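The values are calculated or read from the model by the stated rules, or taken from the named source; none is laboratory data. Values in this document were obtained by computation on a predicted structure and should not be read as measured data. Note: ideal-geometry Cβ built from the backbone for every residue, glycine included; neighbour counts use all protein chains shown. SASA here: full protein model, heavy atoms, side chains in, ligands and nucleic acids out. Shrake-Rupley method; radii C 1.70, N 1.55, O 1.52, S 1.80 Å.
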Amino acid sequence: MSTAPFAVMAKPVGPVCNLSCSYCYYLEKEALFAAGERYRMSDEVLERYTRSVIDASAGPVVHFAWHGGEPTLAGIRFFQRVVEIQSRYLPDGWKCSNNIQTNGTLLDERWCDFLLAEGFSVGISIDGPAQLHDALRRDRRGRPTHARAMRGLNLLRERGIDPDVLCTLNALNVRHPREVYRFFLDQGVRWLQFLPVVRRSEAGVGQFQSSLHGGSSVQRGGALVAVPSADSVDPHAMGDFLISVFDEWVRHDVGRIAVQGFVECLLAYSGRAPTLCTMSDTCGSVLAMEHDGGVYSCDHYVDLEHLLGNATTDDIGELLALPAQLMFGASKRDVLTRACRECPVLVVCRGGCPKDRFSRAPDGEPGHNYLCSGYRAFYEHAAPYMKRMVALATRGYPVSAIVDQLRDEEASEEARWRETGRNDPCPCGSGNKYKQCCLPTRRPR
């Protein structure tokens, strides 16, 4: 039994999916398996894995997460077997919590009835309005998928399931922050996660991606180097996106919709440990398990180098405690660039995900997080508001009270500018007359 929280992202059909999203990093994991592989978790793997997770858990709630590929391809009968096996091994007074992450396109009434009856929580992947979603999220035949995903979302809601929404931030939708955010508001989404797409591709000498690097070459001593793929998010654009969405959220929607990155940031400023591994001091407590029982250090490190063992022969708790896995998790904290260690927002960023540390710091040191500039811009922008919300909570007020505070303050500020005469001192504090200072450019909202 473990006393430390952990999670395993189990993949009942491995990397198999009915979609072919252009930015997906997981479809390529088929290369790990022999030709003709039957991508389906066997009863033996499922049973041994289930028992191992329960044994490693502190209880009384045991968490199971089902990912892919597309996990619904395993079929309802597989998940009926999941529930049956879990109930067989649960100690008295314990219960299981199941979460399934789906693209939503295969959901129907029968699926939704099952998920509701068995108490599954559901995450659904949607990248915003149709024109942005369908550009990069198409099925294996190249057809758009937005309408099918939205049908799945609506079916879930009709059955009383309010799913979390995962929206990737990619090279396309990151340019439309308000359109993306307001789409989800219009859909009544209550929990929203923005996940930046960062995929690496190999580039040779002389190649460069001007759209992502401002025209800078990726040449590194004549060797092949890793550079972001064309559909990866631009760091500066990501920062602008998060700032734009945050400014709307903090002024109108705190308490109405929970945006994961904002909530986690608030936890950090409250002195509490964030639940997101990317914002945690260390990582390594979220494993990935393939359909054949192979257990890996992380969902982003499903490769032979990070294969820890197999659920059919090894205990999950023992794999979590392997020296190699402990070192893997600690390296998130211990292997940071100097610029990162000295950064004022390290308290919330924690260096980001190690998989993204393939860039160079401003002083040229390698191993810097590719997304650094965007995250730093956002965290510095959000900090004053986060501290205000922490102060509200400390005084016993809901953090959503900041919405009314900002509305009243900004209305008062606008009135002050409106009431200033041309020959009055400029409200900006320059000491000049208003007409000679800000009047030509300042317009009341």
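In degrees, nearest 10, range 0 to 90: what is the angle between the Cα axis of helix 146-158 and the longest Cα principal axis of the chain?
That helix lies at roughly 80 degrees to the long axis.
So what J values fall out for region 387-399 if you push phi through Karplus, 6.51 cos²θ - 1.76 cosθ + 1.60 with θ = phi - 60°, rounded to Hz, Gly and Pro as x?
Taking θ as phi minus 60°, the curve returns 5, 5, 5, 4, 5, 4, 5, 4, 8, x, 8, x, 5 Hz for region 387-399.
With a 10 Å radius around each residue's Cβ, average the other Cβ atoms per peptide and rank 156-165, 369-378, 89-98, highest first.
My ranking of the peptides, most packed first, is 369-378, 156-165, 89-98.
Grab the other residues whose beta carbon is less than 11 angstrom from that of Asp334, score K and R as +1, D and E as -1, and report the net.
+2
List, in order, the whole-Hz ³J(HN,Hα) value for each residue of region 50-59 obtained from phi through the Karplus relation with A = 6.51, B = -1.76, C = 1.60 and θ = phi - 60°; use x for Gly and Pro.
Coupling constants for region 50-59: 4, 5, 5, 5, 4, 5, 7, 8, 7, x Hz.
Going by alpha carbons, how many degrees (0 to 90, nearest 10) lie between the helix axis of 76-89 and the longest principal axis of the chain?
So the inclination is approximately 80 degrees.
So if I take the centroid of the Cα atoms in region 65-89 and the same for region 122-185, what is the distance between those two points in Å?
24 Å
Net charge around Phe246, counting only other residues with Cβ within less than 11 Å of its Cβ (Lys, Arg = +1; Asp, Glu = -1)?
Once positives and negatives cancel, what remains is -3.
Going by Cα centres, region 274-345 and region 413-430 are how many Å apart?
So the two Cα centres are separated by 56 Å.
Given the whole protein assembly as supplied and a 1.4 Å probe, what does the accessible area of Ile54 come to in Å², nearest 10?
10 Å²
Helix-only estimate, please: 222 nm mean residue ellipticity of the chain, summing -39500 (n - 2.57) across DSSP H runs of length 4 or more and dividing by its residues, to the nearest 500.
The helix contribution divided over the chain gives -11000 deg cm²/dmol.
Name the residues whose placed amide hydrogens come within less than 5 Å of the amide hydrogen of Met9, ignoring near sequence neighbours (fewer than 5 apart) on the same chain.
Leu287, Ala288, Met289
Determine the sum of side-chain charges near Arg182: Lys and Arg each +1, Asp and Glu each -1, restricted to other residues whose C-beta is under 12 angstrom from that of Arg182.
Summing Lys and Arg as +1 and Asp and Glu as -1 gives -3.
Relative to the compact globular guide of 2.2 N^0.38 Å, what is the alpha carbon radius of gyration of region 1-85, as a ratio?
1.20
³J(HN,Hα) across region 316-332 via Karplus (A = 6.51, B = -1.76, C = 1.60, θ = phi - 60°), whole Hz, x for Gly/Pro?
4, x, 5, 5, 4, 9, 4, x, 5, 6, 4, 5, 4, x, 6, 5, 4
Return the long-range amide H neighbours of Leu308 (sequence gap of 5 or more, or a different chain), with a cut-off of under 5 Å between placed amide H atoms.
Val295, Tyr296, Ser297
Working from Cα positions, state the angle (0 to 90°, nearest 10) between the long axis of helix 260-269 and the longest principal axis of the chain.
70 degrees
Taking amide H positions as placed 1.01 Å from N in the peptide plane, with prolines and chain starts having none, which residues 5 or more places from Arg360, or on another chain, fall under 5 Å of its amide H?
Residues meeting the criterion, in which the H sits 1.01 Å from N, are His368.
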